[in-house]
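S.K.: Questions regarding the structure given below will be posed in turn.
The values are calculated or read from the model by the stated rules, or taken from the named source; none is laboratory data. Note that the structure is predicted; figures quoted are calculated from it, not measured. So basically every Cβ, Gly included, is an ideal-geometry build from the backbone, and we count neighbours across all protein chains shown. Side chains are part of the model used for accessible areas, which takes the heavy atoms of the whole protein and leaves out ligands, DNA and RNA. Shrake-Rupley method; radii C 1.70, N 1.55, O 1.52, S 1.80 Å.
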Amino acid sequence: MRPRFHTARGWTALAAAALVAVIPAAGAAAAAPEVSEATEECLSCHAVATPGIVADWKASRHAATTPMAALERPALERRVSADQVPPGLRMTVVGCAECHTANPDAHADTFDHNGYRVHVVVTPADCAACHPEERAQYDQNIMSHAYGNLHANPVYHNLVETTDGVQVVTEEGTRLESPDDLTLADSCFSCHGTEVKVAGTRTVETDLGEMDFPILTGWPNQGVGRVNPDGTLGACTSCHPRHGFSIEVARKPYTCGQCHKGPDVPAYKVYQVSKHGNLFASVGKEWNFSAVPWVVGRDFTAPTCATCHASLVVTDEGEVVARRSHRMNDRIGWRIFGLVYAHAHPKSPDTTVIRNRAGLPLPTELTGEPAAAFLIDKDEQARRRAAMQAVCRACHSRGWVEGHYARFDRAIETTNAMTLAATRILLRAWDEGAAKGLEQKDSIFNEAIEKMWVEQWLFYGNSVRFAAAMGGADYGVFANGRWVQAKNLQAMKDWLDFKLKKHKGGWLW
Amino acid sequence: MRPRFHTARGWTALAAAALVAVIPAAGAAAAAPEVSEATEECLSCHAVATPGIVADWKASRHAATTPMAALERPALERRVSADQVPPGLRMTVVGCAECHTANPDAHADTFDHNGYRVHVVVTPADCAACHPEERAQYDQNIMSHAYGNLHANPVYHNLVETTDGVQVVTEEGTRLESPDDLTLADSCFSCHGTEVKVAGTRTVETDLGEMDFPILTGWPNQGVGRVNPDGTLGACTSCHPRHGFSIEVARKPYTCGQCHKGPDVPAYKVYQVSKHGNLFASVGKEWNFSAVPWVVGRDFTAPTCATCHASLVVTDEGEVVARRSHRMNDRIGWRIFGLVYAHAHPKSPDTTVIRNRAGLPLPTELTGEPAAAFLIDKDEQARRRAAMQAVCRACHSRGWVEGHYARFDRAIETTNAMTLAATRILLRAWDEGAAKGLEQKDSIFNEAIEKMWVEQWLFYGNSVRFAAAMGGADYGVFANGRWVQAKNLQAMKDWLDFKLKKHKGGWLW
Amino acid sequence: MRPRFHTARGWTALAAAALVAVIPAAGAAAAAPEVSEATEECLSCHAVATPGIVADWKASRHAATTPMAALERPALERRVSADQVPPGLRMTVVGCAECHTANPDAHADTFDHNGYRVHVVVTPADCAACHPEERAQYDQNIMSHAYGNLHANPVYHNLVETTDGVQVVTEEGTRLESPDDLTLADSCFSCHGTEVKVAGTRTVETDLGEMDFPILTGWPNQGVGRVNPDGTLGACTSCHPRHGFSIEVARKPYTCGQCHKGPDVPAYKVYQVSKHGNLFASVGKEWNFSAVPWVVGRDFTAPTCATCHASLVVTDEGEVVARRSHRMNDRIGWRIFGLVYAHAHPKSPDTTVIRNRAGLPLPTELTGEPAAAFLIDKDEQARRRAAMQAVCRACHSRGWVEGHYARFDRAIETTNAMTLAATRILLRAWDEGAAKGLEQKDSIFNEAIEKMWVEQWLFYGNSVRFAAAMGGADYGVFANGRWVQAKNLQAMKDWLDFKLKKHKGGWLW
């Protein structure tokens, strides 16, 4: 808890001076910045209707400063990227009305609410009034396209269908029912983002009488690639959650861990067992997560996700170690996540445009060769690696960093090789008729051996690579790493043998 | 570390005033409340014998206040629910003797100890001197019956036997040896609670000479349904651990996570990847976990387990959002935990009374239809849901909350359907003689396909439902959710095919 | 963040006294201790070259005190164990040069660097100038031999090979390629330690002109059994990470959790769901992790890993509860980790000397009987248990502690029995020709049933035992415990049946 001070009028100047000296942050409070009339009106009801978020906002930086004051900060300390903000927004704090009534004509979810044209879903375009660079960068971030990249890619979409659908078992066999929208919003699209649409209006009896509200489908959602009612992509609240919009929260690994913790993308789990994660957990309580710029060694002594992938990091002398970027892949040369093999990062954040030689919307062939025309080249990979290594080298020597990266590169090679080994078993299963695949125009994800194949790259290959990238030790071995990769391969072989009824002495392999 | 103050006599009033202003919580210390003579005597030895718990108690609220002072607090701020407490307990702090010598005749574990009739196991009946409402509510809480609900239900008991027993492999086959009491106490009953019984007395050579102590079986244990030597059920120390008995600890999710973290009941894991869990981890260090009542938005900005399930929550204006309850299922309409299907919550905390149409002590048929007579009806479900939604709506709009619940309801339907699909495969395995089940009067948990079936609902169905209930994203998909649910179903089908030796072109399905 | 104080000259003595009283730790700062000339020179460049670690060091105890001052502390408060330190190290703080230029002739990685003979890898021998007891104890710690114990034991080495190697699938079958050094350093040896060797010198263009640096293989690494360029074993930075070398970090469970979190050794995961781990997470923020000695009840109210296994623990009255030891197994009578069965702890930290009756370098026979000559006897087991129980009994009564240990002992018996059951199935598979084992001079880890057998003890047996040792509840049941142990055994049986094509009515068992 922050200390709270009760005013004690009548103290002598001496005692007051002592107090100020003890807690310099309190200081002599300047006049509080003004709240707009519209926001005052919002607050008058919502302090009762939704007291939690009102209190959250009141404790936020948005409630304590004006865009004009933010614009006046020195360049490195600025938290806004706009050169100017619209006149109506300059002199009052950033409150309810400033965001929820912005760009009303662009918002399909705009509705009349106590005389204001309010919308429910605040979008990157709304935030861009003050933060245009972040919005533009995020638009180029592969995360902003997470909905379409999953939904509009027929291969990945089929993975979703076979994962989230309901199976019905009858006398004749099994039947897959496609997942409905509620299920999809609760599963894959929870992180990838839903499409939020207006499905009509309804009248609700509230404490303040009857009110009309839009009916939204795909709501609530804070997925990174949310398709908003104004046509924009993304939700700033994925990482800067409502209504504090705090930089501290976004810089802590728990935020990334919301979506990057499962066996498919175990970044947070790997971080937890890394030396960096240990230091964050052990002594991070003494770090300053709100400082802009973020001073390495002074504000923190080990990186979080944000340090390496997004934040403006400087030295004590003000030298820039890394520039702020909301295109999170700016310092990432390889896409280690796979689907199916690790590969050079895609050029476009919209990955539905990719076609491999076989005509599939995949960044590699099923046997691993890259669809190079759609991926960044070696020079761009090198540039991104150099940008990342600049962060490493704020603490580590060149030899250290190079030693680390040599292992990382090798892990990409070996995991791709182990994926290829699994793929060869799957291809044989298809050839021998033990399972139905591409030639039979069947799903490549619905049979037992296909699901084993998926785990080979989606779980085990990814775990090894994330562990190699971030120093995750056991996550590359027993905790869903090389051990399971090797075991799964044996299980795939045996499954095929059982299925083909090869007997002792006559095994397929 | 809390600041520590060394008395510096001779200061002027001025400096003293400054000090008080800086740390208001310290205040001008009132005369410390009195410790009873009996407790003083306990402390005189135990400060040496068990210094850790003595120090823990000394820092506790129990050591710093008297029941009389606690009774005088305004209604919403009261931490005791008794109208009056017995005269002998009113004017001294709640120390060793106050609890460990209460109700001596009711306690089978009472023994003579330095002239006092002391008992080892402090029970809900002992705590009820000051906290009778909490005790009465907890008695109606399904958790208080966790021992009997597991041990006295023959179906569930067989799950325990087949899980915890030791298998012996011989030339002839395998044999299951029933688990002994030590094993049971170390496994299932660790959380469910043991039966603590007095098995005799023994004499021990201590630093203070020979002493007699009762021999307790099933000890130590702090399981939620512990059967105590006075016949009561439960252990307040499950959540308010010894000897701080802190409300802060009970309100933090780590406490619930002790038992609700495994694949069977992954509530804490889901919380960790939820937005609520992220906020708790990121900014919870600034929350006030000790305030009574607990003010939403001021004391905390996102809920922990306790907020939604137990605590007295009020707004800044003192309006009650949710009443305190130690019947943890007061705001829960569905029992999503299953065994076997998710179903309306049982009426009685003693679930051994339940019988389905097939005569089994299960809340549903094996094919999912509810044993409705033993479960709460739709009206009661709606009442409980409304109580929970009142908490949600302290921060979220009505549309948000309804959107969330629509997904949750759908997740119950789809996971029950996926359990039914698995059950149909199991029933066919029994029919075809590939495994032995109910008709053969064999365990339904001991064969490979039966264990796969158990995981379908106990691990994967539960994971999806907990994820849907609390916004757990990946826990509903790849981390033991829908992905594994679908994969497990394929594996069950293939196992049955392998077992029945169906060949290519002649598969069972 | 620690409070920061801005000097406010001109205060009256009175206010200053008040301030000191509020934050006694700040005190009237003594003159800062001197930094050596050599270290000043290091800092002058490295504050720019690697600002992060310089800042980390500046905030450390090493930067704030001299060995001479450290030597003058009362016995219980001493953090150095040397009687004397070399004259040249006494009067200046422990900076860059003090460690990185120590013992230059012993270091194969020594190189000329701006006129100094610097080495990269600081080793236990370097730290021993001030901390000789810790170094000597750690040398006897089984962890210091973690590299050789894995690499030079042919059985364990084969486990590494079959886990980390790359499999190649061809028409003819599969082929295992041995893992390369980069892969090994990134996986098993990441925790066990690499062998760090000098492979030559290279010239690098730096901001300060051309410089020569040694080329190190096996670098970077902080594994517990690292083989250093001076021939010593271990890395103090495993637990006291660079460049703060903090006792706080070493005492927090996150440090141990870096390597002890996977399914093979889930100590940290078990701790998290234990009552102790709950208390650490809930109220540990108020504990003092830097105090020497560490006072039970005052500095902490529940143990971390270090409390039980390493730290000097005393009571408020200064009575020693447990002596400091860097031989981490000093309070451990059983080696519950297995490989293959849990057994009495090995006598020598070098376990490659062990031979069982079958001639294998294993602490037990494949059927569980101990290779007793190489293991500590019952008396030594009892001594170690008593040392551990002294820590337990700082808070818990004798009956409590004995009840706990009775369950722990039983868990060792039952898990060993379940490992034996799995081994009997494996032996039968070898006998029947369903897999190739010792007699066929084949790997005992490379086939599917062998990998299932490994998980029986390495994952499930270990999980049950760690859970029993530390009160881990569900980790002994559903979370990789008894449930999976029982399920895996059924799966092994069925695999063998499928492989041997036994049909309905004619199963092997």
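S.K.: Name the one entry in A:Ala82, A:Ala38, A:Ala102 that is open to solvent by less than 30 Å² (accessible area, probe 1.4 Å), at pLDDT 85 or above and assigned to a helix (DSSP H, G or I).
M.R.: A:Ala38
Table: residues versus (1) more than 7 Å from every other protein chain (Cβ to nearest Cβ); (2) without any contact (Cβ under 8 Å) to a residue 24 or more places away in the chain; (3) open to solvent by 10 Å² or more (accessible area, probe 1.4 Å).
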| site | (1), (2), (3) |
| --- | --- |
| C:Pro253 | yes, no, no |
| C:Cys259 | no, no, yes |
| C:Gly262 | no, yes, no |
| C:Pro266 | yes, no, no |
| C:Lys269 | yes, no, yes |
| C:Gln272 | yes, yes, yes |
| C:Leu279 | no, yes, yes |
| C:Glu286 | no, yes, yes |
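S.K.: For the range A:341-350, which residues satisfy the criterion of being open to solvent by less than 40 Å² (accessible area, probe 1.4 Å) and in a loop (DSSP other than H, G, I, E, B)?
M.R.: Selection gives A:Tyr341, A:Ala342, A:His345, A:Pro349.
S.K.: Go through the range C:369-426 and report how many residues are within 30 Å of C:Asp497 (Cβ to Cβ) and touching a strand residue (DSSP E or B) at 6+ places or on another chain (Cβ under 7 Å).
M.R.: Residues meeting the conditions: 6.
S.K.: In the range A:341-375, what count of residues is obtained for those that are under 19 Å from A:Pro154 (Cβ atoms) and among the basic types (Lys, Arg)?
M.R.: Summing the residues that are under 19 Å from A:Pro154 (Cβ atoms) and among the basic types (Lys, Arg) in the range A:341-375 gives 2.
S.K.: While we're here: Can you name every one of the helices (runs of 4 or more DSSP H) wholly within the range B:150-244 that holds 3 or more residues which are over 24 Å from B:Arg117 (Cβ atoms) and open to solvent by 60 Å² or more (accessible area, probe 1.4 Å)?
M.R.: Result: empty, no element qualifies.
S.K.: Turning to a different aspect of this structure: Can you give me the number of residues within the range B:58-67 that are open to solvent by 50 Å² or more (accessible area, probe 1.4 Å) and either of a type in the set (D, E, K, R) or part of a helix (DSSP H, G or I) (or both)?
M.R.: So the count comes out to 2.
S.K.: Within the range C:206-225, how many residues are at the interface with chain A (Cβ under 10 Å from one of its Cβ atoms) and either under 29 Å from C:Asn141 (Cβ atoms) or modelled with pLDDT under 95 (or both)?
M.R.: Selection size over the range C:206-225: 10.
S.K.: With the structure loaded, tell me whether C:Gln456 is surrounded by fewer than 22 Cβ atoms within 10 Å (Cβ to Cβ) and on the phi < 0 side of the Ramachandran plot or whether it fails that test.
M.R.: No; evaluated as a whole, the condition is false for this residue.
S.K.: Here are some conditions: (1) within 14 Å of chain B (Cβ to nearest Cβ); (2) without any contact (Cβ under 8 Å) to a residue 24 or more places away in the chain; (3) out of contact with any Gly (no Cβ under 7 Å at 6 or more places or on another chain). C:Glu248 meets all but one. Which one does it not meet?
M.R.: The failed condition is (2).
S.K.: I've got another one for you. Only one of these is out of contact with any Gly (no Cβ under 8 Å at 6 or more places or on another chain) and open to solvent by less than 50 Å² (accessible area, probe 1.4 Å): B:Gly338, B:Gly359, B:Gly297. Name it.
M.R.: B:Gly359
S.K.: On to the next question. Please go through the range C:148-174 and give me each residue that is without any contact (Cβ under 8 Å) to a residue 60 or more places away in the chain and facing chain A (nearest Cβ under 7 Å), ordered by number.
M.R.: Once the filter is applied, which keeps residues that are without any contact (Cβ under 8 Å) to a residue 60 or more places away in the chain and facing chain A (nearest Cβ under 7 Å), the range C:148-174 yields C:Asp164, C:Val166, C:Gln167, C:Val168, C:Val169, C:Gly173, C:Thr174.
S.K.: A further question on this structure: If I filter the range B:367-379 for residues that are out of contact with any Asp or Glu (no Cβ under 6 Å at 6 or more places or on another chain), within 22 Å of B:Pro263 (Cα to Cα) and either open to solvent by less than 30 Å² (accessible area, probe 1.4 Å) or not acidic (Asp, Glu) (or both), do I get at least one hit?
M.R.: Scanning the range B:367-379 turns up at least one residue that is out of contact with any Asp or Glu (no Cβ under 6 Å at 6 or more places or on another chain), within 22 Å of B:Pro263 (Cα to Cα) and either open to solvent by less than 30 Å² (accessible area, probe 1.4 Å) or not acidic (Asp, Glu) (or both).
S.K.: Within the range C:393-426, which residues are of a type in the set (Val, Ile, Thr) and either away from chain B (no Cβ under 12 Å) or closer than 20 Å to B:Gly218 by Cα (or both)?
M.R.: C:Val401, C:Ile412, C:Thr414, listed by residue number.
S.K.: Please verify whether C:Ala429 is on the phi < 0 side of the Ramachandran plot and in contact with a strand residue (DSSP E or B) (Cβ under 7 Å, 6 or more places away or on another chain), treating the condition exactly as stated.
M.R.: No.
S.K.: In contact (Cβ under 8 Å) with a residue 12 or more places away in the chain, within 9 Å of chain B (Cβ to nearest Cβ), open to solvent by 10 Å² or more (accessible area, probe 1.4 Å) and farther than 17 Å from B:Asn446 by Cα - does that describe any residue in the range C:430-445?
M.R.: no
Yes/no matrix, rows are residues, columns are (1) over 30 Å from C:Glu432 (Cβ atoms); (2) more than 12 Å from chain C (Cβ to nearest Cβ); (3) of a type in the set (Asp, Glu); (4) open to solvent by 20 Å² or more (accessible area, probe 1.4 Å):
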{"residue": "A:Arg428", "(1), (2), (3), (4)": "no, no, no, yes"}
{"residue": "A:Glu447", "(1), (2), (3), (4)": "no, yes, yes, yes"}
{"residue": "A:Ala468", "(1), (2), (3), (4)": "yes, no, no, no"}
{"residue": "A:Leu489", "(1), (2), (3), (4)": "no, no, no, no"}
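S.K.: Something else now. Take the residues in the range B:494-508 that are surrounded by fewer than 23 Cβ atoms within 10 Å (Cβ to Cβ) and at pLDDT 90 or above, then tell me which one is farthest from the other protein chains (Cβ to nearest Cβ).
M.R.: Per the criteria, the residue is B:Leu496.
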